[in-house]
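As structure tokens, the structure follows; a few thoughts come after it.
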Amino acid sequence: MTTKRIKRFPAVVLLIGGILAASHMAATLVFTGPQTPLKQSLQPALDRYFLGPLDQGWGFFAPGPYSLNEYVLVRACLSPIEVCAGGAEAGAEFTEWHNVTAREMDSLPYNLLASRVTRQSKAIHGRFWSAASDLEPEFEKMAEANHIMGESVFGVDLYSADATEKFTDAELHELRSYKRLEDVAVGFGSLYAYREWGGEASIVEVKMRRDPVTPFQQRHADPPPETSSNFINIGWRDVTEFEDDVLAAWR
């Protein structure tokens, strides 16, 4: 009896291994393939599986390799928030735009073991861009507007009873998905502001930029092809507050 069980063991292991390998291959084909209803329904689970600790950039592969350079830009107002609300006319001090992604990428060349810190802004960019692109034009305008001193972006707490009366279930799902990622982007911009300007920043503005990559066969054309950047803007927001230990770890 023991001998038969021992003989069956390799077959069971091979069967389980085969099922796991086939499942992984099928998931990879769906994840890297074109948009389909099946892919959309499985996207949350696929994201958790493929965008795990290694955060692999699967868009590098066919059939839809990246053809865009993505950047996160941040600027801040270093005056008290009441002064910032009045703009430059009230004496508010605004910083220049900082390209956070370009700064992160400075440490990448010739560094095969670069920390994930060098990819934070690009990971935020990719997720935020998708959520922002799904917004209806009306909500997109609200998101691009300035909302400071505790003002709600969409006029109401999205998890309140008032929100369920104001928006449909589909709209609430869309807005909550967007707001979660906006909070991440604004929090990231706030941490950058803390590091660059200490505790002087009271509000921050975040901008996502995409620059098209010139196809290889056109890179030496004379004259060079004209390209234009695409932007998604997050209006001015209050700086996110963090515990001291979080700020210490960030610095």
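Annotations for the structure displayed:
- Which listed residue is more than 16 Å from the chain's Cα centre (by Cα) and outside any loop (DSSP other than H, G, I, E, B), from ALA185, ALA201, ALA193: ALA193
- Condition met for PHE94 (modelled with pLDDT of 75 or more, closer than 30 Å to GLU200 by Cβ, surrounded by 12 or more Cβ atoms within 10 Å (Cβ to Cβ) and over 16 Å from the mean Cα position of the chain (by Cα)): yes
- No other residue among SER160, SER130 is polar (S, T, N, Q) and surrounded by 13 or more Cβ atoms within 10 Å (Cβ to Cβ) apart from SER130.
- Scan of segment 66-83 for residues that are closer than 15 Å to GLY199 by Cα and either in contact with a helix residue (DSSP H, G or I) (Cβ under 9 Å, 6 or more places away or on another chain) or part of a helix (DSSP H, G or I) (or both), ordered by number: ARG75, ALA76, CYS77, LEU78, SER79, ILE81
- Segment 162-177 residues that are farther than 17 Å from ALA132 by Cβ, paired with ones that are outside any helix (DSSP H, G or I) (beta carbon under 7 Å, 6 or more apart): ASP162/VAL156; ALA163/VAL156; ALA163/ASP157; LYS166/VAL156
- Residues of segment 221-248 satisfying the condition of being of a type in the set (Phe, Trp, Tyr) and not in a loop (DSSP other than H, G, I, E, B): PHE231, TRP236
- Residues of segment 138-171 classified as in a helix (DSSP H, G or I) and more than 19 Å from ARG127 (Cβ to Cβ), total: 12
- Positions within segment 28-42 being in a helix (DSSP H, G or I) and within 21 Å of the chain's Cα centre (by Cα), in sequence order: PHE31, THR32, LYS39, GLN40, SER41, LEU42
- Set ARG48, ARG5: member being basic (Lys, Arg) and at pLDDT below 70: ARG5
- When residues of segment 204-218 are limited to those that are under 24 Å from the mean Cα position of the chain (by Cα) and not aliphatic (A, V, I, L, M), the one modelled with the lowest pLDDT: THR214
- GLY155, sole failed condition from (1) touching a residue at least 60 places away in the same chain (Cβ under 8 Å); (2) on the phi > 0 side of the Ramachandran plot: (1)
- Filter pass, TYR110 being buried (at least 17 other Cβ atoms within 10 Å of the Cβ), modelled with pLDDT under 95 and out of contact with any Phe, Trp or Tyr (no Cβ under 9 Å at 6 or more places or on another chain): no
The values are calculated or read from the model by the stated rules, or taken from the named source; none is laboratory data. Every value quoted in this text rests on a predicted model; they were computed, and no experiment measured them. Quick reminder, even Gly has a Cβ in these numbers, built from the backbone with ideal geometry, and neighbours come from all protein chains shown.
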